[in-house]
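Provided herewith is a single structure, encoded as C-alpha cells, for subsequent inquiry.
The values are calculated or read from the model by the stated rules, or taken from the named source; none is laboratory data. None of these values were measured; they are calculated from a predicted model. Neighbour counts are summed over all protein chains in view; Cβ atoms, including those assigned to glycine, are modelled from backbone coordinates with ideal geometry. Areas reflect the complete protein model, heavy atoms only, side chains present, ligands, DNA and RNA absent. Shrake-Rupley method; radii C 1.70, N 1.55, O 1.52, S 1.80 Å.
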Amino acid sequence: MEFLGLGDNKVRRTSGALWFKIAILLVLCSVEGALSDSNYLIGLGSYDITGPAADVNMMGYANTEQIASGVHFRLRARTFIVAEPQGNRVAFVNLDACMASQLVKLKVVERLKARYGDLYTEKNVAISGIHTHAGPGGYLQYVVYIVTSLGFVRQSFDVLVDGIEKSIIQAHENLRPGSIFVNKGEILDAGVNRSPSAYLNNPASERSKYKYDVDKEMTLLKFVDDQWGPVGSFNWFATHGTSMSRTNSLISGDNKGAAARFMEDWFEETGSRSAYSGEVAADGIPRRVSNLFNDRHDNHHELLELAASFQSPPGKLATRTLSVARRVRGALRQADKPGFVSAFCQSNCGDVSPNVLGAFCTDTGLPCEFNHSTCGGKNELCYGRGPGYPDEFESTRIIGERQLRKAVDLFNKASEQLKGKVDYRHAYIDFSQLEVTLTKQGGGSKVVKTCPAAMGFGFAAGTTDGPGAFDFTQGDDKGNAFWRLVRNVLKTPGKEQVDCQNPKPILLDTGEMKEPYDWAPSILPIQIIRIGQLVILSVPGEFTTMAGRRLRDAVKTVLTSGSNGANVHVVIAGLTNTYSQYITTFEEYQVQRYEGASTLYGPHTLSAYIQEFKKLATALTSGKPVAPGPQPPDLLDKQISLLTPVVMDATPRGVSFGDCSSDVPQNSTFKRGHDMVTVTFWSACPRNDLMTEGTFALVEILHGKDTWVPAYDDDDFCLRFKWSRPSKLSTRSQATIEWRIPESATPGVYRFRHFGASKSLVGSIRHFTGSSSAFVVA
C-alpha cells in the first residue's frame, strides 16, 4: 500500500502531527488486514517419522536385499489444518513414506478421537504418502506388502503413528486466522512416461486433447497467517519417488522429500528475511545455518593451529536430549512463531518416472525394447536413467530442485485466494465385487463388476525404475506353465476370477488368499476434501496419467454443473489413506504392462472409482450425507514379525562407543564445493533409538575459540550417515559420516559428532556421543 508521503519534506512538522499521521497509518493497515478476508483458521505442523535405519527392508521395490543401513536425510509428516471459524475443518497429512497405511490411519484416528472427540475423524483427515522407495517397510497390515520386510515391523509402524499424531497436534495448536492462495504452473523436465506403449493404447481422440503423455502441472497452496505472514506451502505434482535406486540402503525422502527440505531451508534462510526472491544457491541447495556464524579468519595457518588444538576425545556417555538439542533446525525455530512447513505431495504418478533420460540396457547402452522394456528378451537389464546418471543422489537432487524452483515461483506469484466452504465426503467401498454401470456407445448401459484383488505376471517384471527378476516381462498377457505351478501352491484362482480379471494372467490371487490373514485389501476409503475452489481427491493407490485425467474430469463435471462455475481446481492426492497398488484405464489394462498387471480389481477398476467419486461429488454439491460403507478390518493383533530383535551391542576391548576408528588426517584442509570428509566411529545398532527429532550425525563449526555451533546434521542433503556391521550376527558395528562440503559452506574450523545408543545383554539402553578431530574448510 502507499505510505501517504511520509518520506516527503512536507512531513517535517511538529511531533504531534507526525504521531497523528502514524496513527492514521496504523488504522489503515488494520483496515487492509480486515479486507484481506482471512475467512479460515489455518495451522501447520511437522514431525520426524524416520524409521529404523538398520536391518529393515525398504518399502517400494520389493527387493529383499535392499536393507536399511543409514540415513540420507530424515523423513517427516507434514500437516495442514483448515477450519471455518464456526464450521467444518479438514486435516491433510503428507508423509515422507512410500504410501499411507490403512492400519496406521485407523490407529491415528483412534488417538485423535481420544484427544479431540469427533473433531478429527476418518472422514475429514487425509493421510498421503509421497511414494519414496527409500523408507523402512513393515507398517502395512496386508500380507503381500510385508513379505519382504519379514512381516510386520512394529518400530516402523509406531514411529509413523506417533509422528502423524504429533504433526496434527502441532497444526491444531497453531490454528490462527489466515488466508490460502492457490497457483498452478508446469514443470516440463521432472517426469516421463515409463509405459508409453500402454498410454498409446488409449483412444487417439482422447490423447489428442493433451500435449504430453504425463501431467506436467503443479498445483500449489500458499498459507498466510494474518500475523506472521507466510507459514507454509503444499503442492501436488506427479512423479515417482524412484530417483533413488533399488540398491540404495540409506533412508531418504527421494526427490519430493529433498524438495521439501530445500524449500523449508530456502524460506527460513532467505524467504523470511527478504521479499521471497526465490534465489537458490548455485548448487541447488539453500545455504545452511553455519553462514549465520561467520568468524572471518584470513590466516590459514591460524585456522590450522585452532583445528590442531581439538583432537578426537574418547567416546562418552550422553543423554538422549543432547542429540535433540544439537539438531540444526531446532535452533532456527522461534519459540513464539511456527516454523515454515513445505510439503511436496504425490498425485497420479502411476506411469510417471523421474528418470527422465529414458530407459537403457545395462549391457549394450542402447534403448530398451519399446513394448516390453527388455534387453535381449530380459527385463533385468533395462533401467531408467535419471538426470544425474550414474549418480542416483545427484538425480534425486536435480529432480528435487526442479520441483523446488517451480514451487518457489508459484509461491511468490500466488494471488488467487481460496474462498468458500470447507467440506468433505468419505466412504468405504468394497471393491472386490462392486457393480459398475457403464454407458454403451450409441446409448443404453450395461452393468459390469470389479473382481477380488489379483496381480498379473507383468507385476513380477517390475518397471524400468526397478526391474524384477527371473523371466517375467511387462506386457505378458499369457503367463507360463512353470510359474502357474508355483502360483497354485499358494492359491489356484477359480474360473470366475480368471474370467473377471481377463486379459490379466493371474500370478497371485491375493484377494482370495486369507492365510494367515488377508493378503490384500478389499474395502478401500475414497474421500473428497473441499477448501473453497480447491478440491482434493484422496485416492488409495497410484493412478496412471490418463486414469487420473478421467477421474478429475468426471468429478469436475459434477462440481461445475451447479452454480459453482468453472473456477474449480481439482487435484488428485495419490497413495492416500491406504494402499491398493495401481489404477489404469481399461485400454491400458489390456496391454498388461506393470501398471495394468498391478491394477488389482480387474479391467473396470477405474470405472468403479469414477462412479463412486461422482456419488461423493454429488453429495458434496447438494449438501447431503453419504453412507459410510463397510468398515475395513483392523488386523493389528494378527500381525506376524520374523525380524530378529537387537540382542546386544559391543566394542573391541579397550574401545568405547563413540570412539573414532578412522579419524580425519592431522592438519587437514578441505575445499568447499569439491572435497568430501569421512570419519568412522565405533557405534551401535540404530534400532536401539531412532533419534526422533534428533540426529545420528552432526557437523559443527567453531565459533570463537571454544564454542561449537551445529552446522549440518543427518537431515541435510550433503551429509550421509552410514551404518555397518562385519556380519549379520556380529555385535560390533561402525558408523561412517560422509560430508560433501557444499560451495555455500562457511570457511572455518569444523568437526564431526556422532550420537547413538547401545544395548546391553540385559536390555538396558545407554546413549553415547563421540567427536572427530577438527579440520579446516577453506
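Over the stretch 393-539, average the accessible area per residue using a 1.4 Å probe and give it in Å², no decimals.
Per-residue accessible area for the stretch 393-539 comes out at 40 Å².
Please list the helices of the chain that count as membrane-span-like by this rule: a mean Kyte-Doolittle hydropathy of at least 0.0 together with Cα atoms stretching 27 Å or more along the helix axis, each helix being a complete DSSP H run.
Long hydrophobic helices here: 15-35.
I've got another one for you. Could you pull the Cα extents of the stretch 400-503 along its three principal axes, largest to smallest, in whole Å?
60, 43, 31
How big is the dipole moment of the chain about its Cα centre under a simple scheme where the beta carbon of each Lys and Arg is +1, that of each Asp and Glu is -1, and everything else is neutral? Debye, nearest 20, please.
I would put it at about 1040 debye.
Same structure again: Compare the peptides 258-267, 99-108 by average per-residue count of other Cβ atoms within 10 angstrom and give them in order, highest first.
258-267, 99-108
Once neighbouring chains are kept in place and the probe is 1.4 Å, which whole percent of the accessible area of the chain is contributed by carbon and sulfur?
53
Loop only per DSSP, at most 10 neighbouring Cβ atoms within 10 Å: give me the chymotrypsin sites (Phe, Trp or Tyr not before Pro) in the stretch 547-601, ordered by residue number.
Taking the stretch 547-601 and a limit of 10 other Cβ atoms within 10 Å, no loop chymotrypsin sites (Phe, Trp or Tyr not before Pro) are found.
For the stretch 315-378, what log10 I(q)/I(0) values come out of the Debye formula at q = 0.13, 0.23 1/Å, with one point per alpha carbon and no solvent?
Values, matching the q order: -0.68, -1.07.
For the stretch 447-543, divide the Cα radius of gyration by the Kirkwood radius and give the resulting Rg/Rh value with two decimals.
1.07
Next up: Could you list the residues of the stretch 447-484 with an amide nitrogen less than 18 Å from a label point located 7 Å from the Cα of residue 389 in the Cα-to-C-beta direction?
463-468
While we're on this one: In a shell of Cβ-Cβ distance under 12 Å around residue 313, excluding residue 313 itself, what net charge do Lys and Arg (+1) and Asp and Glu (-1) give?
Result for the neighbourhood of residue 313: +1.
Also, quick follow-up: Taking the inverse of the average 1/r across all pairs of different Cα atoms in the stretch 355-438, what Kirkwood radius in Å do you get?
Final number for the Kirkwood radius of the stretch 355-438 is 17.7 Å.
Report Rg(Cα)/(2.2 N^0.38 Å) for the chain, keeping two decimals.
0.98
In debye, nearest 20, what is the charge dipole magnitude of the stretch 378-450 about its Cα centre with +1 on Lys and Arg Cβ and -1 on Asp and Glu Cβ, if you could check?
With only Lys, Arg, Asp and Glu charged at Cβ, the dipole is about 380 debye.
Might you tell me the accessible area per residue for the stretch 667-718, computed with a 1.4 Å probe and given in Å²?
Each residue of the stretch 667-718 exposes 31 Å² on average to a 1.4 Å probe.
If we sort 647-660, 735-748 on the protection proxy, mean other Cβ atoms within 10 Å, highest first, what's the order?
Descending mean neighbour count gives 735-748, 647-660.
Also: Can you figure out the FRET efficiency of residue 113 with residue 430, using R₀ = 25 Å and their beta-carbon distance, to the nearest 0.05?
0.55
Can I ask one more? If you average over every viewing direction, what projected area does the convex hull of the Cα atoms of the stretch 113-173 give, in nm²?
Hull-based average projected area comes out at 5.2 nm².
Take the Cα coordinates of the stretch 580-648, assign each an equal point scatterer, and use the Debye formula without solvent to give log10 I(q)/I(0) at q = 0.11, 0.20, 0.22, 0.28 Å⁻¹.
With no solvent term, the Cα-only Debye profile gives -0.53, -0.91, -0.95, -1.11.
Just to confirm, what accessible area per residue do you get for the stretch 40-180 at 1.4 Å probe, in whole Å²?
Per residue, the stretch 40-180 has an accessible area of 25 Å².
According to the square roots a ≥ b ≥ c of the eigenvalues of the Cα gyration tensor, what is the shape class of the stretch 127-223, taking rounded for a/c under 1.5, prolate for a/b larger than b/c otherwise, and oblate for the remainder?
Judged from the Cα gyration tensor, the stretch 127-223 comes out oblate (a/c at least 1.5, b/c at or above a/b).
Only loop residues by DSSP count here, and only those with at most 15 other Cβ atoms within 10 Å; note down the trypsin sites (Lys or Arg not before Pro) in the stretch 396-448 that meet that.
Passing both the DSSP loop test and the Cβ count: 419, 421, 440.
Next question, about the same structure. Do any trypsin sites (Lys or Arg not before Pro) in the stretch 495-603 lie in a DSSP loop with no more than 12 other beta carbon atoms within 10 Å, and if so, which?
Of the trypsin sites (Lys or Arg not before Pro), the ones in loops of the stretch 495-603 whose Cβ has at most 12 other Cβ atoms within 10 Å are 514.
I would also like to ask the following. Above 16 Å lies some portion of the pair distances; for the stretch 616-731, what is it as a whole percent of all C-alpha pairs?
So the pairs more than 16 Å apart make up 78 percent of the total in the stretch 616-731.
So what's Rg/Rh here for the stretch 513-667, counting alpha carbon atoms and using the Kirkwood radius for Rh?
1.24
In the P(r) worked out for the stretch 307-414, what percent of Cα pairs fall beyond 24 Å?
The proportion of pairs with Cα distances above 24 Å equals 58 percent.
Let me ask another. Translational diffusion coefficient of the stretch 631-684 at 25 °C, 0.890 mPa s, Stokes-Einstein with Kirkwood Rh over Cα pairs, in µm²/s as a whole number.
Value of D from the Cα-based Kirkwood radius: 151 µm²/s.
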